Protein chains: 2
Amino acid sequence: VRAKTVAMISTAVFVGSLLLKGPLLSSETGKDRVVRLAELEIDPAHLEHYKAALQEEIATSIRVEPGVLTLYAVSIKDHPTQIRLFEMYANAAAYETHLQSPHFKKYKSGTVGMVKSLKLLETEPILLGAK
Amino acid sequence: VRAKTVAMISTAVFVGSLLLKGPLLSSETGKDRVVRLAELEIDPAHLEHYKAALQEEIATSIRVEPGVLTLYAVSIKDHPTQIRLFEMYANAAAYETHLQSPHFKKYKSGTVGMVKSLKLLETEPILLGAK
């Protein structure tokens, strides 16, 4: 899955996207930005271990990787084993760097037996509005 | 759909969630935070009008509503009529205020004929990691 994702993302071009950020209304072209969605179903027997590994991976990535802008992890209400990730990277190179990082590899290999299904969705930003 | 969502969100309690924000590793409890996902399918005949209305709604909400923290809108790559929204509000009151705002009502009534399907997902944050 990882190799395929890298190949897919390498060809991704986000043209015409907009990024809105800051307390005042402002906009800038965020055409290099990579936004990925992930939909996971976790084995309920391993849910707590999985969430701990995910939290560690997110915290480390945000702290040490300049190109990892957001890693938002939520579960669907009343369906705690259904996890959704909203991931934003500065550009495709930052995303590839993330995939090769030791903390991501540790997370990936450490949780492979806990993940029942994984769906990765590449996206094209329409407007990324944030305070 | 809107009234039902308000009722659902009013009962949402996000206990034990974590919020990670800022360039240094730090965490705070974000238990009041409301994160909602929306999955929309747009009528292709109205896609450009829909996206313009959505962009206007997002830009206005971020600018004038203190409790609207992020409104991220993306389309699925190669499926431009499939829109996903990642919405973060400071708390349930901020979310309800947003639903009652004139700009949201204008967007909602103005795009109702363009939306083929809408799925709203309430969530419980696991970790909201951001720079």
Quiz item: Amide H to amide H under 5 Å from B:Asn91: which residues, 5+ apart in sequence or cross-chain, H placed 1.01 Å off N in plane?
Solution: B:Val34
Self-check item: Inter-copy spacing of B:Leu121 label points, which lie 7 Å from Cα along Cα→Cβ, given in nm from shortest upward
Solution: 0.7
Exercise. In nm to one decimal, list the spacings between the B:His79 label point and its equivalents in the other copies, with label points set 7 Å along Cα to Cβ, shortest first.
Key: 1.4
Practice problem: May I ask you to order A:47-57, A:96-106 by the average number of other C-beta atoms within 10 Å around their residues, highest value first? | Solution: A:47-57, A:96-106
Quiz item: What are the label-to-label distances in nm, one decimal and shortest first, from B:Asp43 to the same spot in the other copies, with labels 7 Å along Cα to Cβ?
Solution: 4.7
Quiz item: Which whole number gives the average, over all residues in A:118-126, of C-beta atoms from other chains lying within 10 Å of the residue C-beta?
Solution: 5
Self-check item: Karplus (6.51, -1.76, 1.60) ³J(HN,Hα), θ = phi - 60°, over the range B:41-55, in Hz, Gly and Pro reported as x
Solution: 10, 9, 4, x, 5, 10, 4, 5, 5, 4, 5, 5, 5, 5, 4
Practice problem: List the residue from chain A whose beta-carbon is nearest to the axis that rotates chain A onto chain B, together with that distance in whole Å. | Solution: A:Phe86, 2
Quiz prompt | Interface size A-B, as summed buried accessible area [1.4 Å probe, Å², nearest 100] | solution = 3800
Self-check item: Assigned charges on the beta-carbon of Lys, Arg, Asp, Glu; the range B:53-131 dipole about Cα centre (debye)
Solution: 240
Practice problem: Take the alpha carbon atoms of the range B:37-89, find their center, do the same for the range B:117-131, and report the distance between the two centers in whole angstrom. | Solution: 14
Self-check item: Whole-Hz couplings from phi, Karplus 6.51/-1.76/1.60, listed for the range A:115-131; x for Gly and Pro
Solution: 9, 7, 8, 9, 10, 9, 10, 7, 9, 10, x, 9, 7, 10, x, 8, 5
Quiz item: Roughly how many debye, to the nearest 20, is the charge dipole of the range A:37-94 about its Cα centre, given +1 on each Lys and Arg Cβ, -1 on each Asp and Glu Cβ, and no other charges?
Solution: 200
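The values are calculated or read from the model by the stated rules, or taken from the named source; none is laboratory data. Please read all numbers here as calculations on a predicted model, not as lab measurements. Cβ sites come from the backbone with ideal geometry, for glycine too, and all protein chains shown count toward neighbours. Surface areas here come from the heavy atoms of the whole protein model, side chains and all, with no ligands, DNA or RNA. Shrake-Rupley method; radii C 1.70, N 1.55, O 1.52, S 1.80 Å.
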